[in-house]
Each structure stands twice: as structure tokens, then as C-alpha cells.
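The values are calculated or read from the model by the stated rules, or taken from the named source; none is laboratory data. Note that this is a predicted model, so its numbers are computed, not measured. As a convention, Cβ positions derive from the backbone with ideal geometry for all residues, glycine included, and neighbour counts pool all protein chains shown. SASA here: full protein model, heavy atoms, side chains in, ligands and nucleic acids out. Shrake-Rupley method; radii C 1.70, N 1.55, O 1.52, S 1.80 Å.
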Amino acid sequence: MNDCLFCKIVNKEIPAKVAYEDEEILGFYDISPQAPVHIVFIPKKHIESLDQLKTSDTDLIGKLHFNIAETARNLKINQAGYRVVNNTGENGGQTVFHIHFHLLADRKLKWPPG
Ligand code: 5GP
Ligand code: ZN
């Protein structure tokens, strides 16, 4: 049985506000936004983390990044700029173990992150 929160969002068992969707990729608004625009992009296929990525998944994750850029252009946040973040494992701050990439925008982001 799959108890993964993000798989449940993919299967529409848990509602989410969708920003981007195609056959392989879903982008939805984060429930606890850390910037005025905060969208989480995931492959619909369950992959636990970047650490678990296989060579056969690299096209999928490359395409996901293209979809992030496309969404940023559609939302007109590309010119001001944005940040894409992946948290991997405990020290990386990962809390949901279905690989995901945060798109953060519409405010000046600090560097380095905490
Ligand atoms: P992580 O900390 O693993 O990098 O990111 C997980 C993200 O998922 C967090 O930013 C958190 O706010 C978000 N999140 C957790 N549960 C839900 C939910 O039920 N719905 C949505 N839309 N986002 C969620
Ligand atoms: Zn999952």
C-alpha cells in the first residue's frame, strides 16, 4: 500500500491547487508557502529522493525542470527571477519522501539559505 502524501495528491485523494499538469509531471501550490509564489513540482511516478534517482529517470527530471521554467514564464516571474530548491534527506530538510522541487518567487530571496 502506498502511503505517500504526494502520491495521494497525484491520485486526487488529497486536494491541491494545480499550477501545472501533464501525463508525467504535477506542479501544485505549497500548503505552507515560503514566498508569494511557492509551487512544488513532482514526477507523478514515485521516486523517494534525489538520492534514489536512476539513470533511466534523468530525462523525466530534466523535463520537470523545463516545466518549471515554462510555468515561471507563464506566471511572468521569470524576468524578476526565482529559485528552484530540492531538499534531500534529513540534513537537507526533506520532510516528504517523494522527490520534489520547490519553485519560489516574487520576493528577494536570501543567500545562503538557512
Ligand atoms: P520538503 O520539506 O520535503 O522539501 O517539502 C515538502 C513540502 O510539502 C513543504 O513545503 C510542505 O509545506 C508541503 N506540503 C506538505 N503537506 C502538503 C499538503 O498536504 N499539500 C500541499 N499542497 N503541500 C504540502
Ligand atoms: Zn509518492
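Given a 1.4 Å probe and every protein chain left where it sits, what share in percent of the accessible area of the stretch 54-114 is carbon and sulfur?
Details: 2110 of 4040 Å².
The computed percentage sits at 52.
Quick one: which of K17/K44; K12/K44; K8/K44; K17/K54; K8/K76 span more than 19 angstrom between C-alpha atoms?
Values: K17/K44 15 Å; K12/K44 12 Å; K8/K44 10 Å; K17/K54 29 Å; K8/K76 29 Å.
Over 19 Å apart, Cα to Cα: K17/K54; K8/K76.
How do 107-113, 18-24 rank on mean C-beta neighbours within 10 Å, highest first?
Numbers: 107-113: 8.9, 18-24: 13.4.
Per-residue mean Cβ counts within 10 Å order the peptides as 18-24, 107-113.
Quick one: if you stick a label point 7 Å off each Cα along the C-beta vector at N11 and N78, how many nm between them?
Roughly 3.5 nm, to one decimal.
Starting from the eigenvalues of the Cα gyration tensor, five times each then square-rooted, give me the equivalent ellipsoid semi-axes of the chain, largest first, whole Å.
On the way: eigenvalues 91, 53, 44 Å².
Working from the Cα gyration tensor, I get semi-axes of 21, 16, 15 Å.
Excluding E13 itself, calculate the net charge of residues whose Cβ lies under 15 Å from the Cβ of E13, where each Lys or Arg counts +1 and each Asp or Glu counts -1. Mind dumping the intermediate values first?
Working: positive: K8, K12, K44; negative: D3.
That sum, taken over residues with Cβ under 15 Å, equals +2.
Tell me, what is the per residue accessible area of the chain in Å², probe radius 1.4 Å?
Accessible area per residue, the chain: 63 Å².
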